[in-house]
1. Pairs, please: C-beta under 7 Å, at least 6 apart or cross-chain, first residue more than 21 Å from residue 272 (Cβ to Cβ) and in region 204-231, second modelled with pLDDT of 85 or more and basic (Lys, Arg)?
2. Sort out which residues of region 137-179 are of a type in the set (Gly, Ala, Ser) and touching a helix residue (DSSP H, G or I) at 6+ places or on another chain (Cβ under 7 Å), and write them in order of number.
3. Determine which member of the set 222, 232, 192 is touching a helix residue (DSSP H, G or I) at 6+ places or on another chain (Cβ under 8 Å), surrounded by fewer than 17 Cβ atoms within 10 Å (Cβ to Cβ) and modelled with pLDDT of 75 or more.
4. Among the residues of region 61-68, is there at least one that is within 30 Å of residue 182 (Cβ to Cβ) and not aromatic (Phe, Trp, Tyr)?
5. Looking at region 10-37, I want the residues that are within 22 Å of residue 269 (Cβ to Cβ) and have a partner that is at pLDDT 75 or above and surrounded by 10 or more Cβ atoms within 10 Å (Cβ to Cβ) with Cβ atoms under 6 Å, at least 6 apart or on another chain. Which pairs are those?
6. Please verify whether residue 264 is at pLDDT below 85, under 30 Å from residue 54 (Cβ atoms) and surrounded by 19 or more Cβ atoms within 10 Å (Cβ to Cβ), treating the condition exactly as stated.
7. Can you name the condition, by its number, that residue 148 falls short on among (1) modelled with pLDDT under 85; (2) in a loop (DSSP other than H, G, I, E, B)?
8. Can you pull out the helices (runs of 4 or more DSSP H) entirely within region 7-122 that have at least 3 residues that are in the same structural domain as residue 167 (by TED's automatic domain parsing) and either within 30 Å of residue 159 (Cα to Cα) or at pLDDT 85 or above (or both)?
Amino acid sequence: MQQLARGEQKVYKRKKINFSVGQLISYLVLFAWSLSTIYAMFWIVNNSFKVSRDVMNSSFKIAFDPVMVNYTNAFDRINIGKGYLNSLIMSGGTVLLVLLFGGLAAYVLSRFNFRGRKALFSILYASLLIPAFATVVPVYELLIKTQLVNTYFGLMFPQTAGNLTFAILVLAGYMSTIPKELEEAAFIDGCNRFTLFTKILLPISRPAFASAAIFVFLWSYNDLFSALIFVNKEAVRPIVLLLSEISSQYGTDFGLMATAVSLTVVPVLIVYLFISKYIEKGLTEGAVKG
């Protein structure tokens, strides 16, 4: 019996050691990957405090004597503040439209059983396979006919259409996990459909709405392809389009380019650090019915 117990202890120790080694390797790989990403961001921010000559000659040295001329030029020469404002208006408007129409559509698809419901879900999933560039020509023609090219709505409407499918599927998947008994109790208390959606389903689905809003905002904020085609006028250019034109306007000013990239990316990363818990909560809570 003692030998058997010792054998079991040895097996237990071996399993524990193997698990620890595998976990250690996983952490080392993740740590190395995170360092490569963090260092790339640090390299950009560090070079933003150097003049163009120093960036070319010593781009990997730390800027112990930082200069702020690049940040001054970013706001004076390329008007990056206006680009920020345009991006916030268009990305924020896209998020509001997507949540409005996507929430209503998700409510219908998740709480009603009707003929063609499964076919609609199939169409929505299939639409995710359509590349964005395949719809550029018809969308651009529609914008020309409605005189929306080079306006805020000229970018908000195409981005809303492009992100609507994702939002509907995420929100519908989450709303379908809400118990039917809650809906029936609301009807007994005298709620109508609109009150049920705004007072009960919407507050309960806040994690899903938050996750969809965050993803839609980031995709809209970083959408260079649509901005190049639909809003290339200086008055409405978003910040990502401004970055693509720095190299052509100020070709060799690498310090200014690093500054513009830093001003574009760093604020988004800071915001993401504070709201990442909502992304995890929204994507995981709807995965289990209960």
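1. 231/237
2. Step one: list which residues in region 137-179 are of a type in the set (Gly, Ala, Ser), which gives 154, 161-162, 167, 172-173, 176.
Across region 137-179, the qualifying residues are 154, 162, 167, 172, 176.
3. 232
4. No, region 61-68 has no match at all.
5. Matching pairs, first to second residue: none at all.
6. Details: at pLDDT below 85: yes; under 30 Å from residue 54 (Cβ atoms): yes; surrounded by 19 or more Cβ atoms within 10 Å (Cβ to Cβ): yes.
Spelling it out, residue 264 is indeed at pLDDT below 85, under 30 Å from residue 54 (Cβ atoms) and surrounded by 19 or more Cβ atoms within 10 Å (Cβ to Cβ).
7. Residue 148 satisfies every listed condition except (1).
8. Where helices (runs of 4 or more DSSP H) fall fully within region 7-122 and carry at least 3 residues being in the same structural domain as residue 167 (by TED's automatic domain parsing) and either within 30 Å of residue 159 (Cα to Cα) or at pLDDT 85 or above (or both), they are 69-76, 80-111.
The values are calculated or read from the model by the stated rules, or taken from the named source; none is laboratory data. Everything quoted here is computed from the prediction, not taken from an experiment. Here Cβ is always computed from backbone atoms with ideal geometry, including for glycine, and neighbour counts include all displayed protein chains.
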